[in-house]
Amino acid sequence: MHGKVCLVTGATNGLGAIAARRLAELGATVVGVGRDAARCDAMAAAIRAATGNPQVEFLVADLSSQAAIRTLAATFRTRHAALHVLLNNAGAYHFQRGTTQDGIERTFALNHLGYFLLTQLLLDRLQASAPSRIVNVASSAHRSAQLDLVDVELTSGYRGWTAYANSKLANLLFTFELARRLAGSGVTANAVHPGWVATRFAENNMRGLFAVLRPFYRLYQRCTAIAPEQGADTLVWLASAREVEGVTGKYFRERREREPTAAAKDAALAQRLWELSERMVAR
């Protein structure tokens, strides 16, 4: 990975932090993204110290904000002429419905539109740097999706699990449509289910009445979840391994291609979602 530039979102903790460190260990120039400036500075310093790789920096951005995504992309472009790996990892699970500063339901805004917009803004860099790779962190939760493009924001009947599952189906639809559009360009696009991983994902948003669930959630994690290093393994493999050079439009878990749902492979649905997403990020 020497000479390669990798951008990793959601990189101040959990899977993203491990992926950023592992890519730095492989010699890549790593640009991490996080929401909190102090945590970004601390993680950048920790990765540089742990790997001996000085080519590690972090940029601050709330990827639920379209303005912040545009600023992030512009800042990246001023600092880096190339981009070889875009690892879209930042995501969240919200137990209660809320909206972003753009007025969009926050799960869909971050988990899907964040991937979509950042990828679009950096796509020319990826194409100019080919062979290059886009890795989108999805989830087997997509199997529970009830995605209705008429109401992707769940304005009525909001449930946290449905919102999350829908966003993960959107990740797969986006990945497969992106792979179709980029065929022959030298840019690959793949999705990965990291598994049920022992991180603080979802727990951080257990507020109000949901806060009482935290002890039970932690106990369940300890009994059933895999280690974060194991969860991040396939992310890093897709970003770096020679054996997947040129492989595109696939869904992986534990370094093996997996079969998604029929809905995830619905090309017409993917096209409609793409068009809707373009409208939702239009300035």
Whole-Hz Karplus ³J(HN,Hα) for region 262-278, in order, using 6.51 cos²θ - 1.76 cosθ + 1.60 and θ = phi - 60°, x for Gly and Pro? 4, 4, 5, 9, 6, 5, 5, 5, 4, 5, 5, 5, 4, 5, 5, 4, 4
How much length would be gained if the chain were fully extended between Ala50 and Asp151, taking 0.36 nm per residue of separation minus their Cα-Cα distance, in nm to one decimal? 31.8 nm
Using modelled amide H (1.01 Å from N, peptide plane; none on Pro or chain starts), what sits under 5 Å from the amide H of Gly98, excluding residues fewer than 5 places away? Arg106, Thr107
Taking the Cα centre as origin and putting +1 on Lys and Arg beta-carbons and -1 on Asp and Glu beta-carbons, what dipole magnitude results for the chain, to the nearest 20 debye? 300
Only one of the listed values, (i) 31, 24, 19; (ii) 26, 23, 19; (iii) 37, 20, 17, was derived from the coordinates as semi-axes √(5λ) of the Cα gyration tensor in Å; which label is it? (ii)
Quick shape check on region 17-100: root eigenvalues a ≥ b ≥ c of the Cα gyration tensor, a/c under 1.5 is rounded, otherwise prolate if a/b tops b/c, else oblate, and it reads prolate
Label-point separation (nm) for Arg181 and Ala37, each offset 7 Å from Cα along Cα-to-Cβ? 3.4
Qualifying aspartates and glutamates (Cα of each under 15 Å from Cα of Lys250; at least 8 residues distant if same chain): Glu177, Glu259, Asp266
Taking only Cα atoms and a 10 Å spring cutoff, compute GNM fluctuations for the chain and point out the largest among Ala73, Ala262, Ala17. Ala262
Going by how many other Cβ atoms sit within 10 Å of their own, how do Leu235, Leu273 line up, fewest first? Leu273, Leu235
Name the residue farthest towards the positive end of the dipole of the chain from the options Ala24, Met280, Pro260, assuming +1 on Cβ of Lys and Arg, -1 on Cβ of Asp and Glu, about the Cα centre. Ala24
Using only alpha carbon pairs under 8 Å that are at least six residues apart, calculate the relative contact order of the chain and give it in whole percent. 18
Taking R0 as 25 Å, what's the FRET efficiency between Arg159 and Thr261 from their Cβ-Cβ distance, rounded to 0.05? 0.85
Taking R0 as 22 Å, what's the FRET efficiency between Gln127 and Arg77 from their Cβ-Cβ distance, rounded to 0.05? 0.95
I want to verify a result. In a Gaussian network model of the chain, Cα cutoff 10 Å, which of these has the top mean-square fluctuation: Thr99, Thr12, Thr29? Thr99
Cut-off 10 angstrom, C-alpha nodes, Gaussian network model of the chain. Which of Arg253, Arg159, Arg242 fluctuates the most? Arg242
Evaluate the charge dipole of region 42-184 about its Cα centre and quote only its size in Debye, nearest 20, assuming +1 on the Cβ of each Lys and Arg and -1 on the Cβ of each Asp and Glu. 360
Calculate the length of the line joining the C-alpha centroid of region 237-266 to that of region 119-164, in whole Å. 15
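None of the figures in this text is laboratory data; all of them are computed from the coordinates on show. Quick caveat, the model's predicted, so the values are computed rather than measured. Counting neighbours? That spans all protein chains shown, and the Cβs are built from the backbone with ideal geometry, glycine included.
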